[in-house]
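Here's the structure we're looking at; comments come further down.
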Amino acid sequence: MVFSSLLFLFRFLPVALLVYYAAPRRYRNGILFVASLIFYGWGEPVYILLLLFSTVVDFIHGKLVYRLKGGGNIVGAKLAVASSVVINLSLLCIFKYTDFLIGAWNAATGAGAPLLNLALPIGISFYTFQTMSYTIDVYRGKAGVQTSIVAFGAYVAMFPQLIAGPIVRYSTIAKELTERKETLACFSEGIVLFAAGLGKKVLFANQLGQIWDEIIHIAPDERSVLMVWIGVFAFGMQIYFDFSGYSDMAMGLGRMFGFHFPENFHYPYESKSITEFWRRWHISLGTWFKEYVYFPLGGSRCGRVLQFRNILIVWLLTGIWHGAGWNFLLWGLYFAVLLLAEKFFLHSLLEKCPSFIRWFYAMLAVYMGWVLFAFDDMGQGILYFRQLFGTAGISAVNTRTFYLFFTNLLLMAAAAIGATSLPASFCREHLQEKTLFILEPLFVCAVLLLSTAYLVNAGYNPFLYFRF
């Protein structure tokens, strides 16, 4: 089940909200937990067992760590944390990376080891990181131990952010698990956030995805240089509106149930460096790697050589977190090199450049990264790079390019503006609170009506990050 489906919008969500608010407050975590299991199990019920296993494992490990550390057994507490990490990462590796490793072994040795062909459980990368961070934070003293398996289960399985984040650390919502207060103002804010995310997904991401899909399925020798640039622009905008749309919907749904999830995107396409871009894009993942990998390795406090190593490790892990493929590994390495270059010498040069030049450099680097990200087949990816820079023997422009450009010009222009802070800034600066009070319900209704109209004739439209 996905948020951008008629089943979710008009059946699951209204029923879940009705049952949740009709129940006494002490039962609401249980209702949220059960609703989340139904949501998750709708498409793949067998993997509910895996989700429940992760929940029980880290609930027990959290209590064990708390008891051992409270009793002065630091070594035992550390071993319990290590046990939690090993179990969580083992599950992630088995389901996500086993076939990739077998394939790499076969390619390197000529062996014919059979692939396991295990289906990737949706959301495993997200909920594994969440449950693992809980045990670590209990050891660090940054989170209190949870004594209710139902409350902890509601945290792990919470359907608003279970499938594709944001990665919510337990300490962020620990108090709200037991003491949250659902208010009309919070619920209204959640509706607006959800509508904004739904519009991003259905009205922008899905339409931009059709442009990208059309271009990559055109025979390579029938493309043009301008066409492939339109394609990579469409993909970059698609992945932004798709993932930030999901994050907005997750935050909105969280508000409806009384939770406040952290912001996951902050206008990343306004960035003027790669360092700034990764402070604005998928913020919860960057924060997770910084807290649980970069800082424990020593961060920037251990000399240049070790800092170089730490950044390289974090970004190689960031790459393979996104998927089991060489393109993701190279994508992570690509950004590691750019970040290291900015940190050690490029930053001072960029500071001397005009703002537009810095923005252009950052966006060009990001979009080249999206080409690496998009192609599992490295041969196709290399060909696309060559076509971008006119070295693959294709024309600069052709008739089909003009058709694609002019039929999608309005959509691409709206996407380019919508990906910036301009619309929000305009509303803040030029619209009074009374006006916004009237416009927000109209906005919600308009987005819901337009999105429903698109979804009536649409097929399954999963979020891109479901496969990560």
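Just to be sure I understand, how many residues within segment 175-194 are surrounded by 17 or more Cβ atoms within 10 Å (Cβ to Cβ) and not charged (D, E, K, R)?
7
Just to verify a result, which residue in segment 378-407, among those that are assigned to a helix (DSSP H, G or I) and loosely packed, with under 10 Cβ neighbours inside 10 Å, is nearest to the chain's Cα centre (by Cα)? Walk me through it before giving the result.
Keep residues of segment 378-407 that are assigned to a helix (DSSP H, G or I), which gives 378-388, 399-407.
From the residues that got through so far, the ones that are loosely packed, with under 10 Cβ neighbours inside 10 Å too are 379, 399, 406.
Numbers: Gly379: 26, Thr399: 37, Phe406: 31 Å.
Among them, the one singled out is Gly379.
Kindly establish whether Leu101 is surrounded by fewer than 15 Cβ atoms within 10 Å (Cβ to Cβ), modelled with pLDDT under 85 and within 27 Å of His282 (Cβ to Cβ).
No, not satisfied.
Within the group Phe335, Phe328, Phe373, which residue is modelled with pLDDT of 95 or more and buried (at least 17 other Cβ atoms within 10 Å of the Cβ)?
Going through Phe335, Phe328, Phe373 in turn, just one is modelled with pLDDT of 95 or more and buried (at least 17 other Cβ atoms within 10 Å of the Cβ): Phe335.
Going through segment 408-435 one residue at a time, which ones are under 29 Å from the mean Cα position of the chain (by Cα) and outside any helix (DSSP H, G or I)?
Those that are under 29 Å from the mean Cα position of the chain (by Cα) and outside any helix (DSSP H, G or I): Asn408, Ala419, Thr420, Ser421.
Identify, from the list Phe265, Phe241, the residue that is under 19 Å from the mean Cα position of the chain (by Cα) and buried (at least 24 other Cβ atoms within 10 Å of the Cβ).
Working: Phe265 fails: buried (at least 24 other Cβ atoms within 10 Å of the Cβ).
Matching residue, one of Phe265, Phe241: Phe241.
One line per residue, one yes/no per condition, for (1) in a loop (DSSP other than H, G, I, E, B); (2) surrounded by fewer than 16 Cβ atoms within 10 Å (Cβ to Cβ):
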{"position": "Trp105", "(1), (2)": "no, yes"}
{"position": "Ser125", "(1), (2)": "no, no"}
{"position": "Tyr139", "(1), (2)": "no, no"}
{"position": "Gly165", "(1), (2)": "yes, no"}
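For Ala362, which of the numbered conditions (1) crowded, with 17+ Cβ neighbours inside 10 Å; (2) modelled with pLDDT of 90 or more; (3) within 27 Å of Thr135 (Cβ to Cβ) fails to hold?
Of everything listed in (1) crowded, with 17+ Cβ neighbours inside 10 Å; (2) modelled with pLDDT of 90 or more; (3) within 27 Å of Thr135 (Cβ to Cβ), Ala362 misses just condition (3).
I'd like to check something: does segment 294-315 contain any residue that is among the hydrophobic types (A, V, I, L, M, F, W, C) and either at positive phi or in contact with a Phe, Trp or Tyr (Cβ under 7 Å, 6 or more places away or on another chain) (or both)?
Yes, segment 294-315 contains at least one residue that is among the hydrophobic types (A, V, I, L, M, F, W, C) and either at positive phi or in contact with a Phe, Trp or Tyr (Cβ under 7 Å, 6 or more places away or on another chain) (or both).
Any idea which residue in segment 245-260 is farthest from Phe335 (Cα to Cα), counting only those that are of a type in the set (A, V, I, L, M, F, W, C) and crowded, with 24+ Cβ neighbours inside 10 Å?
Here the residue is Phe257.
Condition check ((1) at pLDDT below 90; (2) closer than 19 Å to Phe152 by Cα) across all residues:
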{"residue": "Ser4", "(1), (2)": "yes, no"}
{"residue": "Leu13", "(1), (2)": "no, no"}
{"residue": "Gly30", "(1), (2)": "no, yes"}
{"residue": "Ala35", "(1), (2)": "no, yes"}
{"residue": "Gly43", "(1), (2)": "yes, no"}
{"residue": "Phe53", "(1), (2)": "no, yes"}
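One line per residue, one yes/no per condition, for (1) closer than 18 Å to Ile163 by Cα; (2) hydrophobic (A, V, I, L, M, F, W, C):
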residue	(1), (2)
Gln207	no, no
Ile215	no, yes
Pro220	no, no
Val225	no, yes
Phe235	no, yes
Phe243	yes, yes
Tyr246	yes, no
Gly254	yes, no
Phe257	yes, yes
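For segment 202-238, name all the residues that are surrounded by fewer than 24 Cβ atoms within 10 Å (Cβ to Cβ), among the polar types (S, T, N, Q) and out of contact with any strand residue (DSSP E or B) (no Cβ under 8 Å at 6 or more places or on another chain).
Listed by number, the residues that qualify are Asn206, Gln207, Gln210.
Just for segment 72-98: of the residues that are of a type in the set (Ser, Thr, Tyr) and assigned to a helix (DSSP H, G or I), which one is surrounded by the fewest Cβ atoms within 10 Å (Cβ to Cβ)?
The residue in question is Ser90.
How many residues does segment 215-262 hold that are under 29 Å from Val156 (Cβ atoms) and without any contact (Cβ under 8 Å) to a residue 12 or more places away in the chain?
Number of matching residues: 0.
Could you list, ordered by first residue, the pairs with Cβ atoms under 8 Å in which the first is in segment 7-26 and at positive phi and part of a loop (DSSP other than H, G, I, E, B) and the second is exposed (fewer than 13 other Cβ atoms within 10 Å of the Cβ) and not basic (Lys, Arg), at least 6 apart or interchain?
Nothing qualifies.
Can you list the helices (runs of 4 or more DSSP H) found entirely within segment 228-338 that contain at least 2 residues being within 21 Å of Ile417 (Cβ to Cβ) and in the same structural domain as Ala205 (by TED's automatic domain parsing)?
Helices (runs of 4 or more DSSP H) meeting the threshold: 274-280.
The values are calculated or read from the model by the stated rules, or taken from the named source; none is laboratory data. Everything numeric here is computed off the predicted structure, so don't read it as measured data. So basically every Cβ, Gly included, is an ideal-geometry build from the backbone, and we count neighbours across all protein chains shown.
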